[in-house]
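Worksheet: the structure to be examined is printed underneath.
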Amino acid sequence: MAIPVKLEVFEGPLDLLLHLIDKNKVDIYDIPIVEITAQYLDYIRQLETEDMNVMSEFLVMAATLIDIKCRMLLPKETDEEGEEEDPRAELVQKLLEYKMYKCMSLELRDRQVDAARNMYRSQALPEEVAAYRQPVDYEELVGDMTLTKLHEIFQSIVKRQEDKIDPIRSRYGNIEKDEIDMEAKTLYVEAYAREHRTFSFRKLMEKQSSRMEVIVTFLIILELMKTGKILISQEKLFDDIMITSNVA
C-alpha cells in the first residue's frame, strides 16, 4: 500500500525511517524490519526525482534494509563473548543519533525565533546626567605632596641646568632660540607618561636641554596633576618624586 507522502516532507532516508517508526508506533529498539522495509520500498517506488544524489541516498538505505531483512532470516551470529548479534543494531544506533541531532536543531530554531522577538530600547539619558563629570578632588589627587616639595626639586633641576653653562663661551654673546611650542611639549610629556606609566619626576626634568624647557615641562606637570592625568607620590622626605600616569 502506497504511503501518501511527498519527498519534501523528509530530509533523507533516516528521516523517512523515523516517520515510519512513529507512524507504526513501534519500538525503535525492536524494529519490525519486514514491515518497515515493505513500506520504505513502497515509498521509493512513488519517488519521482531527477536528482541522482537524492535518489542514491534512498536506494542505499533500501539496500541496507533488504540486507538486514535477509540476515534476520539466517541463523543468529554470535560475537566473541558468545552473545547473539542483532543485525538491526547499527541501524538503530544511526536512527538514535539522527533523532538526537534533529531534536537539537529544532531546539536551536525555537531559540532563534524567541531571540528575534526581543526588543531593546536605545539609551536615553537626560542631558544633565550625560553631561555630568565627577569633580576632581585636588587634595586627594596630590595627597601629601606639597608645592614646596615640588618647588625644591624644580630649583635643584634649574641649578643643574645653570651648572651646564660654559662660563667662558657664554660671554661671547647670546644665541637666540625659537620659543618653545607649549602644545608640542605637552604632547611630548603625555607620550612619555603613556609609555613609561611610572617614572621619576627628576629624571624627566634632567632630560630637558634648557632652562626654558625645564620651566615649561614643570608647568605641564602641574597642569596634568590638576586634570587628574597623573598622580605623584613620595615615600619618604627628600626621596625622589614618582609620577604615575593615567594618560590614555
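Return a whole-number percent for the relative contact order of the stretch 7-94, with Cα pairs under 8 Å and 6 or more residues apart as the contact set. The partial results should precede the final answer.
Values: 47 pairs, mean separation 24.0, N = 88.
Result for the stretch 7-94 is 27 percent.
Here each label is just a point 7 Å from Cα along the line to Cβ, and for I215 and A116 those points are 7.2 nm apart.
Values in this text are rule-based calculations from the coordinates and carry no lab data. If you're wondering where the values come from, they're calculated on a predicted model, not measured in any experiment. With ideal geometry, Cβ positions are generated from the backbone for all residues, glycine too; neighbour counts draw on all protein chains shown.
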